[in-house]
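All remarks here apply to the structure that follows.
We did not get these values from a lab; they are worked out from the coordinates using the rules stated. Computed from a predicted structure; not experimentally measured. No Cβ is skipped: glycine too gets one built from the backbone with ideal geometry, and neighbour counts run over all protein chains shown.
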Amino acid sequence: MKRFMHAVVATSALLTLSLSMAARAEPIVIGSKNFNESYVLAEIMAQLVESKGFEVDRRTGLGGTTICYEALKSGEIDVYAEYTGTLSQVILKTGALAPTLEELNTGLAPDDLSVLPSLGFNNTYAITLKATLAESWGLTKVSQLPGQDFEVAVSHEFLNREDGWPGLAEKYGLDQQPTGIEHGLAYQAIDEGKIDITDAYSTDGDLERYGLTTLVDDKGYFPQYFAVPFIRNDLPSEVIAALRQLAGAFDDASMRALNARVVVDNDDFVTVARDFLVNSGLVSEQVTIHMPGTWELILTDTTNHLVLTGIAVFVGCAIGIPLGVIVFPNPGASRAVLYVAGLMQTIPSLALLALMIPLFGLGTVPAIIALTLYSLLPILRNTITALITIDPELKRVSLAIGLNTAQQLRYVLLPMALPNILSGIKTATVIAIGTATLAAFVGAGGLGEPIVTGLSLNDMSLILRGAIPAALLAIVAEFLFDRLEKSLVPAHMLSGKLPE
Amino acid sequence: METSTSESCIQFSGVTKSWGETEVLHGIDLALPSETVTALVGESGSGKSTLLQIANGLLRPDRGAVSVFGSPIDYHNLPELRRRMGFAVQGGGLFPHMTVFDNISLVARLEGWSEAKLSERVEELFALFSLQGELADRYPHELSGGQQQRVSLSRSIMLAPALLLLDEPFSALDPITRASIHEDFNALRSATNSTVLVTHDMAEAVRLADYLVVLREGRVMQEGDVGSVRSAPTDEYVSHLFEVLA
């Protein structure tokens, strides 16, 4: 079957292309979590390191502390901005509320990781209220709160956490009865005067937007969350030296202002980081920073996206089609295989991606494996169904005229199953293109990256920068598969067009 | 024993076959003569198709032995044996994704025939079955039922097999087409040595066959030359089959 060979050759070419694009040199990889401040700090560190002549790879928007930490340990990333409180409580689990650098570095030494001196701001929990209100009441610190008649509403998590409101109320003897409120709605409620006080993160850009001020935690109740560069010890010493320049370069207000520029003024990270570095004298104005244009970014993301889905679907075919061919004669085995593949499909994509991290680390590999698992079901199901449903009379005749089982498969069964198998591959591809947008959470890049960033910044234009090309890719893929089907399959064999 | 083997194309000895609990063939002993058209006649459920599929190894008997061309069937080398036995079924059994030419020539091409030899042989068969040349590039669904059946017969004798097995090949056709294909079939008789035709139609059996085997509920009721069976039915069932004809 020549047509089959053509399809195989085309797919192998795609795979080779994909692999060659995936291979790169060894730049400094800077990561971030998927919230605004982490992006800003990553971009600042990236430009600073670039200004020293290093090539930098940005792996931003990683889905949480555990993912970032595992990525750092495994060398998938070289540095990201972490917080001292998170390091002591989540990573080292010492429970220290105000850990010193020495304590942290002692704990991290076995992993060959360390933290550099703090950037100077403390992004901790804060009690916040309108600046005008604070002024009129003369409020500056939490200890002034008891006995005051305020409407307090705090986020559900803060309301229930032992180290949230209950502990705070006990420490300061607060007698207000707070209600729970969605964090995003709290700012609006405070803005409209429905509540007076809520909890916040002290460097949240929204504080700036709504003209809020924070009360000083004068009894030192909240854990300290000083931002620190969290690095691998094997970073080049010039890079470490560069990152040390950031020590004390911020305070709460200046970080809040940088965050606000992104979330309130809709400035992009690159410009905000550039302005900060130039204004604080860390980078000379003469150093030009490469600002990739929108189209260049779309092209890079789309290429990455294609590599992810292309490899996943190819591997899905390479496993699914032969497996289907092997198990279809045995109904029990077919059911079992389809059941397992179906089970895979029911695992939520994010959960599956998260499950991949301890096994395969971060980046393209776990993403491709997860996507492959998703591609398997439609490919397997269509292969098995197509082969099973071929007229048994034709199966019998093909043997009776003297074909052996391999020839029967090659000349009769597979060509007759081809339209169905192709439509399985088409479904798998479209699913993979959609699901691959989640791959950004494990640092695999692709069109999910602008979507994830856009979601965390509530920036619709960023979301669309990922979503539109992804939708177009799906449409184009569908179109190309229809063309491929037309060229490989005689018209009367196409599904839905079988002759009477 | 030796003599009977050399004169028979297929020999069944004590062949028994069951589907689940139901035994459909009860110890069939039968030697089908060579260079003869033999009709296996019976109603549905008589076991005639099962017997035919046992002859080319599509089914294996539960007990008993089958010899083809004088040797027991080698179940490890069925494709080679089957290429010496043509096969056609009711409805044609043509592969819908292949053109008429490819359907007919598939196995010969796998046998390594040259394109020229393939074309030559297909042309010959087209002439034999009065098929127009332009049908060669069509797909089966573009053909009438009669044309499909002629193509199917062409495929069955492409390799000029010594033995031809036909499983109700004419049953799905309308009476006029059937009559016309019956004529073609008589042309085909010279092209192959032995033919076994399974049919439920006694009229067809009488018209096409020389030798008759009447099956009923998994047993052989009577066998012999068409004339002798007709003139001396040993059983009421068999004579009834002929009465319907008259």
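Observations
- Distance from the C-alpha centroid of the stretch B:97-118 to that of the stretch A:152-208: 81 Å, rounded to the whole angstrom.
- Computed from Cα atoms, the angle from the helix A:36-51 axis to the main principal axis of chain A rounds to 90 degrees.
- Annotation: amide H-H contacts under 5 Å for B:V37 (H modelled 1.01 Å from N, sequence separation of 5 or more, or interchain): B:T195, B:D210, B:Y211.
- Using only the C-alpha atoms, the convex hull of the stretch B:94-160 corresponds to 74 Å³ per residue.
- Multiplying each eigenvalue of the alpha-carbon gyration tensor of chain B by 5 and taking the square root yields semi-axes of 30, 22, 16 Å, largest first, rounded to whole angstroms.
- Here the convex hull built on the C-alpha positions of the stretch A:278-413 has a volume of 172 cubic angstrom per residue.
- Nonlocal amide H pairs with B:M221, under 5 Å, H built at 1.01 Å: B:V214, B:L215, B:R216
- Modelled FRET efficiency - R0 45 Å, A:E26 with A:I326, Cβ distances, 0.05 increments: 0.65
- For the stretch A:189-279, GluC sites (Glu not before Pro) meeting the loop criterion (DSSP other than H, G, I, E, B) and having at most 15 other Cβ atoms within 10 Å: A:E192.
- Coarse-grained scattering of the protein assembly as shown at q = 0.05, 0.07, 0.08 Å⁻¹, given as base-10 log I(q)/I(0) from a Debye sum over alpha-carbon atoms: -0.47, -0.68, -0.76
- Long-range HN-HN contacts of B:G47 with modeled amide H, under 5 Å: B:G218
- Helix A:252-263 axis, angle to chain A major axis (alpha carbon atoms, nearest 10°): 40
- Spatial separation of Cα centroids for the stretch B:1-79 and the stretch A:106-148, in angstrom: 92
- Estimated inter-spin distance, B:D225 and B:E124, nm [label 7 Å along Cα→Cβ]: 3.1
- Cross-link pairs exceeding 27 Å in C-alpha to C-alpha distance, out of A:K52/A:K73; A:K486/B:K117; A:K33/A:K73; A:K93/A:K194, comprise A:K486/B:K117; A:K93/A:K194.
- Cα centroid separation, the stretch A:372-393 to the stretch A:416-434 (Å): 10
- Folded to 0 to 90 degrees: helix A:2-22 orientation relative to chain A principal axis, Cα: 20
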